[in-house]
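Engineer: There's a structure below that I have some questions on.
The values are calculated or read from the model by the stated rules, or taken from the named source; none is laboratory data. Predicted, not measured: the structure shown is a model, and the values here were computed from it. Here Cβ is always computed from backbone atoms with ideal geometry, including for glycine, and neighbour counts include all displayed protein chains. With ligands, DNA and RNA removed, areas are computed over all heavy atoms of the protein, side chains included. Shrake-Rupley method; radii C 1.70, N 1.55, O 1.52, S 1.80 Å.
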Amino acid sequence: MCGIVGGICRNNITPILINGLKRLEYRGYDSAGMVVLNQDNALSRARSVGKVVNLENNINTLPTALNGHVGIAHTRWATHGKPSAQNAHPHICNNTVSVVHNGIIENFLDLKRQQLSAGYNFTSDTDTEVIVHAIHQALETSNSLLEATQTAIKTFKGAYGIGVISPQYPGRIIAARSDSPLVIGISSKGNFIASDQMALLDITKDFIFLNEGDIADISLNSVTIYDKNGKQVTRKINTSQLEIGQISKDGYAHYMLKEIFEQPQAIRDTLEARITKDTALVSAFGDNAKAIFTSIKHIQIIACGTSYNAGLVAKYWLEDIAKIPTHIEVASEYRYRSPIILDNTLFITISQSGETADTLEALKAVKKCTKNIHSLAICNTAESSLTRESELTFLTYAGPEIGVASTKAFTTQLVALALLSVTIGRCHNQLSKQQEARIIEGLNRLPGLIKQTLAQEDQIIELAKTFKHKFNAIFLGRGTMHAIAMEGALKLKEISYIHAEAFPAGELKHGPIALIDADTPVIAVAPNDNLLEKLKSNLQEVKSRGSEMIVFEDEAAQVSPMEGMTIIPTTTDLGRITAPIIFTIPLQLLSYHVALIKGTDVDQPRNLAKSVTVE
C-alpha cells in the first residue's frame, strides 16, 4: 500500500527519493510527497495528488530547488482523509519534526483530542499527524530524536512504519516499525530506509530487515538498532538477489502482460531443485517438514484475495490426494472470531508479499494457542514478516510482481500447493509411486502447456472487444474450476471495473440464474473431468435463457456449439493438478485485454494496492 523511502547521503538526495517513489508506484497510491533538510537546515516540502510525476513536476516549478542530503518521501493510499495535497505525507510540526508513516494509528482520535488541548494545530484529516505532534511534544523533554521517538511510540495503538527527521538533529533519521515492514539500505552513498527493498535497488543490494518493534538511529556512516525493549541489537545484513531488470517492463506495454508471459519461467524456477524425475522433495518445505507432515491430522489454510483462491484449489487437492481434512478461511474473518483449533493442525498461510496484515495477524494469534500446531508460509518474498513468523517456509520463485492484479504469483502458489499435496500424501501413505510420478510428470509439462495457451492471445483479443459495453459478467466452474472461476472474476473486476461474480455451476438454479440476460456474458471453464457432463447441462440452462457464452474447454471435452456461444479449446490431456493452472491463463489474458478495451489503468487500478499492509 503506502510507500516510504528516505535517507542520508553524500550528494543531493532528491533524485534518489523521486526514483525510489517511482519504484514503489506498483504498491498503489493516490498522492505523493517529500521533504528534505535544505542548505539552510530547514524543512523544505512538496506534495501532490496523483502520480509521482506530478510531484516531480511540482518540485521543478518551485522557486528554490528542493535540494539536501537528508530527506524522506512517501506515496499515500488514503485511509483517514480523502486524497489531497494537505493529507499527503510528509507531515510537519512547527517546522521542527517531519514524519512519513505507513499503517493506521487506531487511537488517533484520543491522541488528537489531547494534542488539541495542548495547543497543537492540525492541517490534515489523517491519523498520521498525531505522530508528528507526539514526537514534537516528546522532543521538548528528550535528549535526542531517538529518545523522543521512543517516548512517542509508546502512546500509539495500531500499526506503523515511520521515518522521522528534524532540523535539530540534521545528521539523523529515525525509523521504527510495528506491524508494518521497513528495511534499511546500506550503501557507499549513505544509509537509507524504505518500505520495500525495490525502492533502493539501484543504489544498494545490502539490506537490514527490521524486526517487529525495532527502532533504528541512522546517520551517514552508522546504523544503530534497538529492539522493542530498548536494548541495542545487531541485525543481519542481507544481500538481495533482485535485479533492476526484473522490475522493468522489458518492452511489454504493461507489467501485468509481462508477468502473464513470465509464468512458464516462474514455474520452472519454482519447481527447480524441489523435484526429482518422479518425486517431490519434502525437504523443500524445511528441514523438519517430514516429521511435521507425518504427524498432522488437520490442515487450516488462511489467505486473502487471489491467495485465498489458490487455497480453495488446494483444499480439493489435499483432501483428494493426501486424505487430510482441510479448511480454508479468509484471514480478515478468521482472526476476529473464536475458531476451534484442533491438535496436530498444520496452519498454512499464503501471501505473495508476506506482509498481508490480516494473514500475518491471524498467524500471530494462532501461534499463541496452546494446542499442538505447526505453521507453513507459502510466499514469494524471502525476508518477509510472514516467513520470519512461520516454522516452515516454501518460497515461490515468481520474481518481483509489480502489477496489482496477481498472475504469476497465483500460478506459482498453485504449483507450491500441488507439491505440498503430494508430499503430505506420501508422508501419510496415501499416494503410490506411480500416482506421484504422474503428477510430477504433469508439473514438468506445465511450462510448455502454458506457452501453448499463451499462443491463443490473438483469439482472446477479438473476444475482449465484445466486452466494450458490458458492465456485468458471470463466471462458472465446478470442482477446482469454481475457484478458478472466482479468480477469473476477481481479475476482471480488478482491472476492467466490470462487476463480475463467480458461481459453482451446480448452484445456478438456486438463485444466480435470475441474473442471466442478453447483456450479461457468461464465462465457463470446461475441463475434461468427471463433472463435465454435469457442466454441459448447466451450459444448456444458461444458453436457453439468451446469454452470450464463452467456454474455455479442454479439446477432449467437446462442448456442443450453440448460437451465441464462443468455444475456445485451451489444450488437452490435462490432469487434476495441471488443469486449474492452465485454465487460469486464458482468464488472465481476457481480463487484461478487456481492461485495454475499457481504457483503465491496468497495472495500478483505482482504489487498489498491491500489498494490503493495513486492515
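Engineer: Using Cα-Cα distances under 8 Å and only pairs 6 or more residues apart, what relative contact order does the range 1-59 have, in percent? Provide the component values of the computation, followed by the final result.
Structural biologist: Details: 69 pairs, mean separation 16.6, N = 59.
Rounded, it is 28 percent for the range 1-59.
Engineer: Let me ask another. Excluding ligands, DNA and RNA, what is the solvent-accessible area per residue of the range 312-368 at a probe of 1.4 Å, expressed in Å²? Present the calculation step by step, with values, prior to reporting the outcome.
Structural biologist: On the way: 2330 Å² over 57 residues.
Per residue, the range 312-368 has an accessible area of 41 Å².
Engineer: If you take the C-alpha gyration tensor of the range 422-461, multiply each eigenvalue by 5 and take the square root, what semi-axes do you get, largest first, in whole Å? All intermediate terms of the calculation are to be shown ahead of the outcome.
Structural biologist: Numbers: eigenvalues 213, 16, 7 Å².
Each semi-axis is √(5λ); the values are 33, 9, 6 Å.
Engineer: May I pose another question? Give me the percent of the accessible area of the range 491-592 that comes from carbon and sulfur atoms, probe 1.4 Å, all protein chains in place. Please list the in-between numbers first.
Structural biologist: On the way: 1860 of 3950 Å².
Carbon plus sulfur share of accessible area: 47 percent.
Engineer: At 1.4 Å probe radius, can you tell me the per residue accessible area of the range 87-160 in Å²? Display every interim value, and only then the final one.
Structural biologist: Details: 2990 Å² over 74 residues.
Here the per-residue accessible area is 40 Å².
Engineer: Compute the signed sum of charges (Lys and Arg +1, Asp and Glu -1) over the other residues within less than 14 Å, Cβ to Cβ, of residue 547.
Structural biologist: Numbers: positive: 470, 543, 545; negative: 501, 517, 519, 541, 548, 563.
So the surrounding residues net to -3.
Engineer: Jot down the per residue volume, in cubic angstrom and as a whole number, of the convex hull over the alpha-carbon atoms of the chain. Show your work: numbers first, answer last.
Structural biologist: Working: hull volume 96.9 nm³, N = 615.
So the per-residue Cα hull volume is 158 Å³.
Engineer: Continuing with the same structure: Against the globular-protein guess of 2.2 N^0.38 Å, express the Cα radius of gyration of the range 208-294 as a ratio, rounded to two decimals. Can you show the working numbers first?
Structural biologist: Working: Rg = 20.2 Å, N = 87, 2.2 N^0.38 = 12.0 Å.
Ratio of Cα Rg to 2.2 N^0.38 Å: 1.69.
Engineer: I would also like to ask the following. With each pseudo-label sitting 7 Å past Cα toward Cβ, what's the residue 458-residue 597 distance in nm, one decimal?
Structural biologist: 1.8
Engineer: Quick check: Cα centre of the range 555-587 to Cα centre of the range 434-503, how many Å?
Structural biologist: Taking the Cα centre of each part, the range 555-587 and the range 434-503 sit 9 Å apart.
Engineer: I've got another one for you. How many angstrom separate the Cα center of the range 268-320 from the Cα center of the range 78-127?
Structural biologist: 44
Engineer: Cα gyration tensor of the range 342-381, axes a ≥ b ≥ c as square roots of the eigenvalues: rounded (a/c below 1.5), prolate (a/b > b/c) or oblate?
Structural biologist: Values: a/c = 3.59, a/b = 1.80, b/c = 1.99.
Oblate is the answer for the range 342-381, as a/c is 1.5 or above yet b/c matches or exceeds a/b.
Engineer: Quick check on the range 33-180: take the gyration tensor over C-alpha atoms, sort the square-rooted eigenvalues as a ≥ b ≥ c, and tell me if it's rounded (a/c under 1.5), prolate or oblate.
Structural biologist: Details: a/c = 1.74, a/b = 1.23, b/c = 1.41.
Taking the square roots of the gyration eigenvalues as a ≥ b ≥ c, the range 33-180 is oblate.
Engineer: Kindly provide the chymotrypsin sites (Phe, Trp or Tyr not before Pro) of the range 233-293 that DSSP labels as loop, not H, G, I, E or B, and whose Cβ sees at most 14 other Cβ atoms within 10 Å. Don't skip to the answer; put the middle values down first.
Structural biologist: Numbers: sites: 252, 255, 261, 285, 293; in loops: 252.
Counting only loop positions with at most 14 other Cβ atoms within 10 Å, the chymotrypsin sites (Phe, Trp or Tyr not before Pro) in the range 233-293 are 252.
Engineer: For the range 425-495, state what percent of all Cα-Cα pairs lands in each successive 10 Å bin, counting from 0 Å until the bin that includes the largest distance.
Structural biologist: 15, 28, 34, 16, 8, 1
Engineer: Also, I was wondering about something else. Determine the sum of side-chain charges near residue 131: Lys and Arg each +1, Asp and Glu each -1, restricted to other residues whose C-beta is under 15 angstrom from that of residue 131. Before the final figure, lay out each step's value.
Structural biologist: Details: positive: 76, 112, 154, 157, 177; negative: 106, 110, 125, 127, 129, 179.
Here the count lands on -1.
Engineer: Whenever you get a sec, compute what percent of the accessible area on the range 358-417 sits on carbon and sulfur atoms (1.4 Å probe). If you can, show how the numbers build up before the last one.
Structural biologist: Numbers: 800 of 1630 Å².
Roughly 49 percent of what the probe reaches on the range 358-417 is carbon or sulfur.
Engineer: Residues with beta-carbon under 11 Å from that of residue 302, excluding residue 302: net charge, scoring Lys, Arg +1 and Asp, Glu -1?
Structural biologist: Numbers: positive: 335; negative: 329, 333, 358, 361.
Charge balance in the 11 Å sphere: -3.
Engineer: Taking the Cα centroid of the range 175-199 and of the range 366-395, what is the distance between the two, rounded to the nearest whole Å?
Structural biologist: Spelled out, the Cα-based centre of one part sits 23 Å from the other.
Engineer: For the chain, what does -39500 (n - 2.57) per DSSP helix run (n ≥ 4), summed and divided by total residues, give at 222 nm, in deg cm²/dmol to the nearest 500?
Structural biologist: Numbers: 18 runs with 205 residues, N = 615.
Per the formula, -10000 deg cm²/dmol.
Engineer: Probe radius 1.4 Å, ligands and nucleic acids ignored: give me the carbon and sulfur share of the accessible area of the range 1-143 as a rounded percent. Walk me through the numbers on the way to the answer.
Structural biologist: Working: 2490 of 5550 Å².
That share works out to 45 percent.
Engineer: In Å, what is the Rg of the alpha-carbon atoms in the range 395-459, and how long is Dmax?
Structural biologist: Cα only, the range 395-459: 14.7, 45 Å (Rg, Dmax).
Engineer: Per residue, how many Å² of accessible area does the range 230-292 show with a 1.4 Å probe?
Structural biologist: Details: 3590 Å² over 63 residues.
Counting only protein heavy atoms, the per-residue value for the range 230-292 is 57 Å².
Engineer: Something else: Within the chain, what percent of beta bridges assigned by DSSP are antiparallel, to the nearest 5?
Structural biologist: Counting DSSP beta bridges with both partners in the chain, the antiparallel share is about 60 percent.
Engineer: Can you name the helices of the chain, as whole DSSP H runs, whose Cα span along the helix axis is 20 Å or more and whose Kyte-Doolittle mean is not below -0.5? All intermediate terms of the calculation are to be shown ahead of the outcome.
Structural biologist: Details: long enough: 408-427 (28 Å, 1.18); 433-454 (32 Å, -0.47); 480-496 (24 Å, 0.35); 578-598 (31 Å, 1.26).
Within the chain the helices that satisfy the rule are 408-427, 433-454, 480-496, 578-598.
Engineer: Largest first and to the nearest Å, give the Cα extent of the range 440-560 along each principal axis.
Structural biologist: 43, 31, 24
Engineer: On to the next question. Using packing as a proxy for protection, rank 56-68, 339-351 so that the peptide with the highest average count of other Cβ atoms within 10 Å comes first. Mind showing how you got there, number by number?
Structural biologist: Numbers: 56-68: 14.2, 339-351: 20.5.
Packing order, densest peptide first, comes out as 339-351, 56-68.
Engineer: Here's a follow-up. Over the range 1-114, calculate the relative contact order: mean separation of alpha carbon pairs under 8 Å at least 6 apart, over the residue count, as a percent. Present the calculation step by step, with values, prior to reporting the outcome.
Structural biologist: Working: 236 pairs, mean separation 36.4, N = 114.
This gives 32 percent for the range 1-114.
Engineer: Could I ask something else about it? Based on the Cα gyration tensor of the range 101-256, what are the three equivalent ellipsoid semi-axes, each the root of five times an eigenvalue, rounded to whole Å and given largest first?
Structural biologist: On the way: eigenvalues 184, 78, 37 Å².
In descending order the semi-axes read 30, 20, 14 Å.
Engineer: Could you state the per residue volume, in Å³, of the convex hull enclosing the Cα atoms of the range 500-540?
Structural biologist: Details: hull volume 3.1 nm³, N = 41.
Taking the convex hull of the Cα positions in the range 500-540, it is 77 Å³ per residue.
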